Amino acid sequence: MIPTAYDLLAAHPFLAGMPPEQVAQLAPWARRRLFHAHARIFSEGGHADRCWLIREGRVVLDTQVPGRGQVVVDTLGPGSVLGWSWLYPPYRWHFGAVAAEQTLAVELDAAGLRRLSDEDPRLGRELYRRFLDVVVDRLQATRRRMLESGGGSPGASTA
């Protein structure tokens, strides 16, 4: 049996503990998405109009560094969330993303999520809280990598 959009959403760790009626509100804006290995999912600076909940596979986040080209900044795997740039104007990707291997994800339409959040403030607060957790986790991981590589000072702040 092929899982429904609701089933795919309900099974993802990002939405764990979310009331079933809220997951059901998200389902019309979700679809199953398969990325082949080495496929570019989005490019830095492009229009951020969706996000993904990774179920299987790995995605590499990269950025363009003058004189060095594309540099990998992080790798995301199953259970991760890809894309939060759709949350705030001007809705542009801060990094690029490439499937490191065949990757199965649940794609969510950003305009639909923003509309739902406006129509149901309780759902909106819950979604934004969950996405803020992702942003904070990414910032902390970046800080740790910088400290481990000697690229930051122990007294530096990420706030």
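Any residue that is among the aromatic types (F, W, Y), at pLDDT below 95 and surrounded by 15 or more Cβ atoms within 10 Å (Cβ to Cβ) - is there at least one of those in region 89-100?
The answer is yes; a qualifying residue exists.
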**OP:** Pairs only if they're at least six apart or on different chains, beta carbon under 8 angstrom, first in region 1-22 and free of Cβ contacts under 8 Å to residues at least 24 places away in the same chain and assigned to a helix (DSSP H, G or I), second open to solvent by 70 Å² or more (accessible area, probe 1.4 Å) and not aliphatic (A, V, I, L, M); list them, first residue then second.
**Re:** A10/P20
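Only one residue in L139, L123, L113, L104 is at pLDDT 95 or above and surrounded by fewer than 19 Cβ atoms within 10 Å (Cβ to Cβ), so which one is that?
On inspection, the qualifying residue turns out to be L104.
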Subject >> Residues of region 71-88 satisfying the condition of being touching a residue at least 24 places away in the same chain (Cβ under 8 Å) and either surrounded by 14 or more Cβ atoms within 10 Å (Cβ to Cβ) or among the hydroxyl-bearing types (S, T, Y) (or both) >> reply: V73, D74, T75, P78, S80, V81, L82, G83, W84, S85, W86, L87
**OP:** Could you grab the pairs with beta carbons closer than 8 Å, sequence gap of 6+ or different chains, first residue in region 43-64 and without any contact (Cβ under 8 Å) to a residue 40 or more places away in the chain and over 27 Å from D7 (Cβ atoms), second one open to solvent by 70 Å² or more (accessible area, probe 1.4 Å) and among the aromatic types (F, W, Y)?
**Re:** L61/F95; D62/F95; T63/F95
Subject >> Matching residues, region 31-53, being assigned to a loop (DSSP other than H, G, I, E, B) and crowded, with 16+ Cβ neighbours inside 10 Å >> reply: E44, A48
**OP:** May I ask you to verify whether L104 is in contact (Cβ under 8 Å) with a residue 60 or more places away in the chain and not in a helix (DSSP H, G or I)?
**Re:** yes
Original post:
Just checking, how many residues over region 62-74 are in a strand (DSSP E or B) and either modelled with pLDDT of 95 or more or among the small types (G, A, S) (or both)?
Top reply: 1
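The values are calculated or read from the model by the stated rules, or taken from the named source; none is laboratory data. All values reported here derive from a predicted model rather than from experimental measurement. Neighbour counts run over all protein chains shown; Cβ positions are idealised from the backbone, glycine included. These accessible areas exclude ligands, DNA and RNA; they are computed on the full protein's heavy atoms, side chains included. Shrake-Rupley method; radii C 1.70, N 1.55, O 1.52, S 1.80 Å.
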